[in-house]
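Contents: one structure, followed by commentary.
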Amino acid sequence: MMNDLVVRGGTVVDAAGARQADVLVRGGAIAAVEPELAVDGAEVVDAGGAYVVPGGVDVHTHFALPVGSVTSADDFESGTLAAACGGTTCVVDFAGAGREPWQEALATWHDRARGRAVVDYGFHLTVTELPSRPEAAAERFAGFAEHGVTSVKLYLAYPERLMVDDATLGRALTASRRTGVRVCVHAEDGAAVETLTTEALAAGRTGPEAVSSVRPPAVEAEAIHRAATLAGAAGARLYVVHLSSEAGLQAVRAARAAGVDIHAETCPHYLYLDQSHLEAGEQDFVCAPPLRGAADREALWGALSAGDVEVVATDHCPFTTQDRRRGTGGAGWADFTQIPGGLSGVETRLSLVYQGVVSGRLSLERWVDATSGAPARLFGLDGAKGAIRPGLDADLVVFDPGATRRLDASSLHSRCDHSPYEGRVVTGWPALTLSRGEVVAVDGEPADPRPGRGRFVRRSPLAR
Ligand code: MN
């Protein structure tokens, strides 16, 4: 049995606002949140001058994801350790690598996480096909929920591996309405991308610099518009992962104005990086959707501040420089379609979004809501995570607003050998990360958490 612990003297921030309070942790859960708590025999953590925030919830990671002959650089051990060091105490990873049956995908992902994760985790399922009878599709979704998986992702891109047609998406949305299993979409029009890719390759444009032109903002906006139209027709909710562009944002806003229950997530790399890396031919910055321009970045910051974009998740899916160079075929990439895409992010998200507070673009509450409160609420985790109130898991971060950190790969804990933020210095970093009351990281370094201590979190379906 762990001793009682009091996190004393900090500014507690969550959706309930910012207030001076102590937090009592008992048996891995939050037992009280009150000013000037006095508890005999409790261990005390001094949080004076710091923010005490809910542990981060990152609802978009890809640990140990095989893509062709290479695999994303972090597995559940290194990925969740990096998460803990950066103040994230729960991740939701995407189970499924292709068109395998869902039972197989779920079993494979449980095997990958069990015995390795150091913080808690859940799974989304990737859906690539559904029974044609609506009742059977809904039964399948109900089966996901019985396994504690209450969200799915459908890809409108990658025809060769993952893409679904509109009829399948429509059935998924109807099944979602009936079961409360949330539908997420990767919103890029795969057919348009394919056409543009064929043209680019035929014209000899084969390097990373071509990625922007074959996956332009218009193909994101079009896919969002199409998915939102189907969601509206089905009376279902829709969640757009990794929103990257101003055009896509306009499509989200238009759908919302038309009465569609739509939510959007963006990623730190769309808030901080831009396509100049691609223009420079840098293979290590390839991801999909691609990095955009300065106007897109500014539009996303504005939407995040206003709450039009509710969530910042990472799409953490880095590949080592060597694996990128090898390409998905393993023999070296001949053109950009063979460069495994995805960037690092799980460790740097909390602090990078906090830079919005430093620069005056985000309130403390928006920072915390985008990184823990909203993802917990939208993905059925709010009975355990995402806020600081009695009864919830004691997933807490003591965030030191005065700490500085250089975001180089050498000072981070991902197994990837490069960081997309190399050389960048941030202000504000976790001084302490608690997962269910246990210290898992101190000053951004691992506190030797036992691999396998992280638990699978069964999530609730959406209220109907
Ligand atoms: Mn992803």
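Pairs only if they're at least six apart or on different chains, beta carbon under 8 angstrom, first in segment 314-326 and open to solvent by 10 Å² or more (accessible area, probe 1.4 Å), second of a type in the set (D, E, K, R); list them, first residue then second.
Once the first residue is open to solvent by 10 Å² or more (accessible area, probe 1.4 Å) and sits in segment 314-326, its partners that are of a type in the set (D, E, K, R) give 320/415; 320/417; 321/284; 321/417; 322/417.
Filter segment 336-377 down to the residues that are of a type in the set (Lys, Arg) and within 16 Å of the ligand (Cβ to nearest atom) and list them by number.
349, the sole residue that qualifies.
Counting only residues that are of a type in the set (S, T, N, Q) and assigned to a helix (DSSP H, G or I), which one in segment 322-348 is farthest from residue 201 (Cα to Cα)?
By that ranking, first place goes to 322.
When you go through 125, 130, 196 one by one, which is the residue that is in contact with a helix residue (DSSP H, G or I) (Cβ under 6 Å, 6 or more places away or on another chain), aliphatic (A, V, I, L, M) and under 21 Å from residue 217 (Cβ atoms)?
From the options 125, 130, 196, the qualifying one is 196.
Among the numbered criteria (1) modelled with pLDDT of 95 or more; (2) at negative phi, which one does residue 462 miss?
All conditions are met except number (1).
Out of segment 284-321, which residues are away from the ligand (no atom under 16 Å from the Cβ), over 14 Å from residue 67 (Cα atoms) and of a type in the set (S, T, N, Q)?
305, 321
I need a count of the residues in segment 185-202 that are under 21 Å from residue 276 (Cα atoms) and open to solvent by 30 Å² or more (accessible area, probe 1.4 Å).
2
If a residue has to be among the aromatic types (Phe, Trp, Tyr) and surrounded by 20 or more Cβ atoms within 10 Å (Cβ to Cβ) to count, how many in segment 297-313 make the cut?
Qualifying residue count for the region: 0.
How many of the residues making up segment 38-66 are in a strand (DSSP E or B) and surrounded by fewer than 22 Cβ atoms within 10 Å (Cβ to Cβ)?
Residues flagged as in a strand (DSSP E or B) and surrounded by fewer than 22 Cβ atoms within 10 Å (Cβ to Cβ) within segment 38-66 amount to 4.
Keeping to segment 18-56, report how many residues are touching a residue at least 12 places away in the same chain (Cβ under 8 Å) and either among the acidic types (Asp, Glu) or within 16 Å of the ligand (Cβ to nearest atom) (or both).
Qualifying residue count, segment 18-56: 5.
The values are calculated or read from the model by the stated rules, or taken from the named source; none is laboratory data. Please read these numbers as outputs of a predicted model, since none were measured by experiment. In this analysis, Cβ positions are derived from the backbone assuming ideal geometry, glycine residues included, and neighbour counts consider all displayed protein chains. Just so you know, the surface numbers come from the protein's heavy atoms only, side chains and all, with ligands and any DNA or RNA stripped out. Shrake-Rupley method; radii C 1.70, N 1.55, O 1.52, S 1.80 Å.
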